Amino acid sequence: MGDGKTLHFDTQQIHAGSHPDPATGARQTPIYQTTAYVFRDADHAAKLFNLQEVGYIYSRLTNPTVAVLQERVATLEGGIGAVGCSSGHAAQIMALFPLMQPGMNIVASTRLYGGTITQFSQTIKRFGWSAKFVDFDDLDAVKDAIDDDTRAVFCESIANPGGYITDLDAISAISDQAGIPLIVDNTSATPYLCRPIEHGATLVVHSTTKYLTGNGTVTGGVVVDSGKFDWTANDKFPSLSQPEPAYHGLTFAEAFGPMAFTFHGIAIGLRDLGMTMNPQAAHYTLMGIETLSLRMDRHVENAQKVAAWLETDPRVDYVTYAGLPSSPYYDRISKICPKGAGALFTFAVKGGYDACVKLVDALEIFSHVANLGDTRSLIIHSASTTHRQLSVQQQEAAGAGPNVVRLSIGIEDADDLIADLDQALATATA
Ligand SMILES: *Cc1c(COP(=O)(O)O)cnc(C)c1O
């Protein structure tokens, strides 16, 4: 029952990857709070270190609690393997690491989590990598941006901060044509609302900090591999297609076939970069995932009600929620995320920057935090916080201009959320 391949989502979110503990029969996945694992004998140890046998060595690489989470998320995403990481940002670096070399670039959407824009536009330069940002609704611009040194295309399924929906089928057709992988950050949608691999994604990354854990307790990330990309089809991915000196000349694509990326992620990525998920975090996230579909249904229902109310309010200029028929992305919902457009969107307040700042201070139920995907409703004024490092032009391209606030709608009572927004808007626009 553990791998749950033929089971429905609601069953998989509880069972995939978990088995009663072989030592004690414990039904819930134990937190294996251990750094190391005893080898059966010297031969066993040597085989593990040679990757000739799969097993536990040291928790920087693998841990049984984290392994259950990896298998659960891989199953829910329809992938064949996953690597747990210490945060969503760690997962992004871990997704790029096997693909990149100094001088190589990625083509990324302008509509991304603010921290991702900073990671891609500033920090990765220090590895000799770079990113070209383009509007992913302009398919010709995406095509034109890809050059001989491009090693991946990167976007979010439901994109920050406006809740825009990316036409993943159109984008994956372009990355396929170029012979490079499409990486989709599926944090805001979760595999319940969107399954990027079914739309051609090669890799799916998550900040498990958000909806997967669901209650704002731990940071974590996951990279899921579809297992569908042929790393040997061209010479662009030598880390996977050529002999690896750090493993006696083993070639990952040859030795592990469709699992090459996942094995590389653990055996090289986690071993040498060490951005490992800890078993406590995996435990909290496993708890969260058990109720994912129930929470996401409620998140979507509440977001729909709050967005519809805001749209008719005279103090509001516009609302970006893709679940509203007025959204240009409304038509993409049935194709890309048929169970709903998520619970993340922005709205523009008449009165601009000053009114936005007053609004966030006047709210009582909504918390002003740099987080999303919590059971609690959250608000942030991106321009003065998460998108502060960006120019006004970049902020506007990202949908986070100075007059805009982002909501992450929780699973409270929608009428209470609306009443809270009503009183705060009154204060903000008085
Ligand atoms: C939060 C978030 C990240 C970064 O994840 P951390 O766990 O905070 O490192 C990346 N992408 C999206 C869409 C996010 O919401």
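The values are calculated or read from the model by the stated rules, or taken from the named source; none is laboratory data. As the structure is a computational prediction, the values presented were derived from the model and not from experiment. Positions of Cβ are backbone-derived with ideal geometry, glycine not excepted, and every protein chain shown enters the neighbour counts. In case anyone asks, the SASA skips ligands and DNA or RNA and just uses the protein heavy atoms, side chains included. Shrake-Rupley method; radii C 1.70, N 1.55, O 1.52, S 1.80 Å.
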Problem set entry | Top-ranked residue in region 196-214 [being open to solvent by 10 Å² or more (accessible area, probe 1.4 Å) and under 12 Å from the mean Cα position of the chain (by Cα); ranked as farthest from the ligand (Cβ to nearest atom)] | Lys210
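Of all the residues that make up region 73-91, how many are within 9 Å of the ligand (Cβ to nearest atom) and at positive phi? So that I can check it myself, show each step before the final result.
Restricting attention to region 73-91, the residues satisfying the condition of being within 9 Å of the ligand (Cβ to nearest atom) are 85-91.
Narrowing further to those that are at positive phi: none.
Qualifying residue count, region 73-91: 0.
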For this session: Tally the residues that are open to solvent by 40 Å² or more (accessible area, probe 1.4 Å), in a helix (DSSP H, G or I) and touching a helix residue (DSSP H, G or I) at 6+ places or on another chain (Cβ under 9 Å), restricting the search to region 215-258.
Result: 3
Problem set entry | strands (runs of 3 or more DSSP E) completely within region 319-430 that count 1 or more residues being open to solvent by less than 10 Å² (accessible area, probe 1.4 Å) and more than 26 Å from Leu292 (Cα to Cα) | 344-349, 404-408
Exercise. Just a yes or no: is a residue in region 155-163 within 16 Å of the ligand (Cβ to nearest atom), farther than 21 Å from Arg295 by Cα and surrounded by 24 or more Cβ atoms within 10 Å (Cβ to Cβ)?
Worked result: yes
